[in-house]
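J.: Handing you this structure, nothing more for now.
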Amino acid sequence: MPELPLPNGDGTLNRWHARHSAVSVLEDGRRLGPGHAGRDPVRAMGQGRFSHWGWWLYFSSSDGTDPRTNGRRYELLYEGPLSQETCAVLDVAVNSLRQKKRPDQATLTDMLLIPDPGQRAYLFHHLALAAQQGGDEDLAGALFLRAWALGWRHPLCRSWLHEWLCRHGQFDEATATLRSAAQALMVDGEDEAAGQAAEIVLDYHRLVYQTYPLRRGSPFQDVLIVDPVSAVLADHRRSVAARPEGGDGRLRLAYILAGENEEAYCSLPEIVVELVEHHDRNRFDVMVISLQPQAEVEARNPFYPALAERLRRVGCPVMFWPPGERGYDCFAAAASVADDIAALGLDHLIYFAQSGWYFLLAALHPAHHQIGMGLGETHLYTSRHMDIATHFTLKPAMDGLCRSAVIPPFMPKGRFILSGAVASRAALGIADDVVLLMSSARPVKYRESMFWQAVQAVMTAHPTVWWGMVGIDETGLWDLAREFGVADDVLARIVALGWRNDHQAVIAAADIFVDTIPNGGGYAINEAMARKIAVVSMDDDYLEQFHERTWRPAMELFPPGHFGVAANDVDAFIERIGQLIENPPLRQELAEDGLRAVEVFHRPDLTATALEAVLEQLSAASACGADHSLGQARS
């Protein structure tokens, strides 16, 4: 397996890699072949097969003898567009970079003057590889970026460049790279396109979650990425097993779990369990699927045994993938799992997450109908691969990526398993004898002048009040204080608590929960109500001001006027907080009202019944030949 200074392709632009290597192998003057074989066939089958990949040549003799000892002469014949002189110059530059030396300026100038952009892109690519091997990652990143700008679409270039851009916080550039890579998928339709599509999806999934704590980011269904990826994966859609004859007539339903291998409590698995417990077993044959190894789930999640016991009691099986050695992060693994699920002949498959690996599985469509389900962000719960999305709120129903239906929300009982005890104020750095206000949100929700106007006014008027803020750390708090001109005496009574898995227990330590405005209203409002904490928030006319940043789920769960403050009326908001600070009986009354509201509006039986109606309508329409094509309508 000799190391080569020769190009591994013909320099063609807009390819994942150049079509074929321009290198041939001669055995005593006769061409060996077939060329461009995979390394495994070269090793296993031989008979003259060879593979040129990067700097390495893998080859076999024509008759299976050892080419090192069979006495034959082996030669390389390069027939590509680069001259032998250019290859020689490249070899010198590469060796310098790999030895942690910068090539001389004349050498680089000679290569940069090559008129063909495809050949220059190829040169930049291999110089970048050499710089990487030499440990000069910044130079490697700059060279990969230049190659990409010239149209080079080698997968190694894309993956390394993506990692480098993310490591340096250049998230917009990383997104643009993924978009151009996705567009390049459609050029050749090569065998590797599905694998490359899978890598693009997984990289974008990681990018979304890497930037999620900092900003909302783009929706997961970025059409410039999703459309070409979906077009490639459409050729690999699975064939779902037919319903067995003589069955009991029940619809076969499966939930795919999300969050089941988390060490901290995650509400999504328990939402599934509570829905399963309330399904009509005479109409639905229900099972649960985990895409995580069973041993890992049982070892990591301390709440899983109790959930598994509840499923056992209602006769619901849990099926785990991947078993044993199966890989998790590639197209082949997704296809393998999809085949296993397709063999179940499911009428309906419900996803509680629709990003990354779940997106790959959904693209292969291993059930007759696929349903997205969830409360929150659009990039987590819907995609073009769903037949319908069932949502607890109206905002995701308006994204237009698939048909949608709104169902009643509910809060699982175990949402508060970790917060049965109230967090100690002393541990939070707050005195016991003060009135404590609390907010809990992602950092982006704190970056609003209206919110800090309220903070400044309330705490100036009430100098003994303290305010805890979950979701921002000390550095973030100081940055916000400077940006919005928070007075020092006010800032001294604000405690930045960072993001905490026990934030329900932290919320319970408060006297009043104050929503972030104008873009608040998340699940934390419901959590505060369920812990019998008085809540101050705003009503919201989401149809008049429909925008992702002004979406407040709680406003859709409770009737108008429940919170008592009109949308965007910051003066009334400030006045309401003051009333609750000064009037403990009013605080108690509002806390009791909130708890009753949670109990009334969050019933899993209502949710399960509404979901069953959606599923039966899907099946009935399918039986009648009705079209449930994607992205055409909303319920």
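The values are calculated or read from the model by the stated rules, or taken from the named source; none is laboratory data. All of these numbers come straight from a predicted model, not from anything done at the bench. So basically every Cβ, Gly included, is an ideal-geometry build from the backbone, and we count neighbours across all protein chains shown. Please note that ligands, DNA and RNA were not included when accessible areas were found on the heavy atoms of the full protein model with its side chains. Shrake-Rupley method; radii C 1.70, N 1.55, O 1.52, S 1.80 Å.
J.: If packing is taken as the average number of other Cβ atoms within 10 Å across a peptide's residues, how do 247-255, 503-511, 583-591 rank, most packed first?
T.: Values: 247-255: 16.7, 503-511: 21.9, 583-591: 14.8.
Listed from highest to lowest mean packing, they are 503-511, 247-255, 583-591.
J.: With a 1.4 Å probe and every protein chain kept in, tell me what percent of the accessible surface of region 82-193 is carbon plus sulfur.
T.: Carbon plus sulfur share of accessible area: 51 percent.
J.: Follow-up. Where a ≥ b ≥ c are the square roots of the eigenvalues of the C-alpha gyration tensor, would you call region 242-339 rounded, which needs a/c under 1.5, or, failing that, prolate if a/b is larger than b/c, or oblate? All intermediate terms of the calculation are to be shown ahead of the outcome.
T.: Numbers: a/c = 2.39, a/b = 1.18, b/c = 2.03.
Note, shape of region 242-339 comes out oblate.
J.: FRET efficiency for ARG313 and GLU137, Cβ-Cβ distance as r, R0 = 51 Å, nearest 0.05?
T.: Working: r = 55 Å, r/R0 = 1.07.
It comes to 0.40.
J.: Scan region 229-293 for GluC sites (Glu not before Pro) in coil per DSSP, keeping those whose Cβ has at most 15 other Cβ atoms within 10 Å, and list them by number.
T.: Values: sites: GLU245, GLU260, GLU262, GLU263, GLU270, GLU274, GLU277; in loops: GLU245, GLU260, GLU262, GLU263.
Answer by residue number: GLU245, GLU263.
J.: How large is the accessible surface per residue of region 220-345, computed with a 1.4 Å probe and reported in Å² as a whole number?
T.: Accessible area per residue, region 220-345: 45 Å².
J.: Please work out whether region 123-187 counts as rounded, prolate or oblate from its C-alpha gyration tensor, where a ≥ b ≥ c are the square roots of the eigenvalues and a/c under 1.5 means rounded, while otherwise a/b larger than b/c means prolate and anything else oblate?
T.: Since a/c reaches 1.5 but b/c is at least a/b, the shape of region 123-187 is classed as oblate.
J.: Next question, about the same structure. Simple spin-label model, 7 Å along Cα-to-Cβ: ALA426 to ALA231 in nm?
T.: 6.6 nm
J.: Collect residues whose amide H, placed 1.01 Å from N in the peptide plane, falls under 5 Å from the amide H of ILE350; neighbours closer than 5 in sequence don't count.
T.: The answer is ALA254, TYR255, ILE256, ILE371.
J.: Then there's this: Sort 26-33, 196-203 by the packing proxy (mean of other Cβ within 10 Å over each peptide's residues), most packed first.
T.: Taking the mean over residues of other Cβ atoms within 10 Å, the ranking is 196-203, 26-33.
J.: If r is the Cβ-Cβ distance from ARG603 to GLU296 and R0 is 25 Å, what FRET efficiency results, to the nearest 0.05?
T.: 0.15
J.: What is the distance, in nm, between label points placed 7 Å from the Cα along the Cα-to-Cβ direction at SER622 and at THR65?
T.: Taking the simple label geometry, SER622 and THR65 are separated by 6.1 nm.
J.: Same structure again: Can you send over the carbon and sulfur percentage of the accessible area for region 231-316, probe radius 1.4 Å, protein chains only?
T.: 46 percent
J.: Measuring from label point to label point, each 7 Å out along Cα→Cβ, what is the MET45 to GLN183 span in nm?
T.: 3.7 nm
J.: Quick one: Karplus J couplings for region 136-150, per residue in order, coefficients 6.51, -1.76, 1.60, θ = phi - 60°, nearest Hz, x for Gly and Pro?
T.: For region 136-150, the Karplus-derived couplings read 9, 5, 5, 5, 4, x, 5, 6, 4, 5, 5, 4, 5, 4, 7 Hz, x marking Gly and Pro.
J.: What residues qualify as long-range amide H neighbours of MET538, i.e. H under 5 Å apart, gap of 5 or more or another chain, H built at 1.01 Å from N?
T.: Under 5 Å from the amide H of MET538 lies no amide H from a residue far enough along the sequence or on another chain.
J.: Quick check on packing: order 604-615, 64-75 by the mean number of other C-beta atoms within 10 Å, highest mean leading. Please list the in-between numbers first.
T.: Values: 604-615: 18.3, 64-75: 11.2.
So the order, starting with the most tightly packed, is 604-615, 64-75.
J.: Ok, one more. For region 480-522, which whole-number percentage of the solvent-accessible area (1.4 Å probe, protein heavy atoms only) is attributable to carbon and sulfur atoms?
T.: After summing per-atom areas, the C and S share lands at 44 percent.
J.: Calculate the FRET efficiency for ALA487 and ARG596 from the Cβ-Cβ distance with a Förster distance of 41 Å, rounded to the nearest 0.05.
T.: 0.60
J.: Please work out how much length the chain gains when fully extended from GLN588 to THR109, using 0.36 nm per residue of separation minus the C-alpha to C-alpha distance, in nm with one decimal. Kindly include the intermediate steps, with their values, before the conclusion.
T.: On the way: separation 479, 0.36 × 479 = 172.44 nm, distance 7.67 nm.
Length gained between GLN588 and THR109: 164.8 nm.
J.: Also: Could you state the accessible area per residue of region 78-153 in Å², with a 1.4 Å probe and every protein chain left in place?
T.: On a per-residue basis, 47 Å².
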